[in-house]
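What follows is a single structure, written as structure tokens, with notes after it.
The values are calculated or read from the model by the stated rules, or taken from the named source; none is laboratory data. Just so we're clear, the structure is a prediction, and the values are computed from it rather than from any experiment. Don't worry about glycine lacking a Cβ; one is built from the backbone with ideal geometry, like all the others, and counts go over all protein chains shown. Calculation scope for accessible area: heavy atoms of the full protein, side chains included, ligands and nucleic acids excluded. Shrake-Rupley method; radii C 1.70, N 1.55, O 1.52, S 1.80 Å.
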Amino acid sequence: VDVFQAWCGPCKPVVNLFQKIRSEVGSNLLHFAVAEVDSIDALEKYRGQCEPVFLFYTGGELVAVVRGADAPLLRKTILKHL
């Protein structure tokens, strides 16, 4: 989940990275979503930050958090949790 604030917007370059990885591993294994922190109370702790935050869930459980648009780290985190 790409967690963003309305004034900053979702991290568009990372969408391409997720799409590339999704096509490599299969569309059934990887799902990408965006969530605006100002409209979701459960994401309140991520408000006020100027860097993108990516939350990784497996089986409904939060398994990793990556701060910043670090493509190699995002790729490594995705593949580790698949």
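Things worth noting here:
- Of the residues making up the range 1-16, those that are touching a residue at least 24 places away in the same chain (Cβ under 8 Å) and either open to solvent by less than 30 Å² (accessible area, probe 1.4 Å) or in a loop (DSSP other than H, G, I, E, B) (or both) number 9.
- Listed by first and then second residue, the pairs linking a residue in the range 23-41 that is farther than 12 Å from residue 6 by Cα to a residue that is part of a helix (DSSP H, G or I) and open to solvent by 70 Å² or more (accessible area, probe 1.4 Å), with Cβ atoms under 7 Å apart and 6 or more places separating them unless they lie on different chains, are 30/22.
- When residue 31 is tested against (1) in a loop (DSSP other than H, G, I, E, B); (2) open to solvent by 40 Å² or more (accessible area, probe 1.4 Å); (3) modelled with pLDDT under 80; (4) not β-branched (Val, Ile, Thr), just one condition goes unmet, and that condition is (3).
- Qualifying residue in the range 41-52 (condition: open to solvent by less than 70 Å² (accessible area, probe 1.4 Å), at negative phi and under 11 Å from the mean Cα position of the chain (by Cα)): yes
- Those residues of the range 73-82 which are farther than 14 Å from residue 15 by Cα and either open to solvent by less than 60 Å² (accessible area, probe 1.4 Å) or in a helix (DSSP H, G or I) (or both), in sequence order: 73, 76, 77, 79, 80, 81
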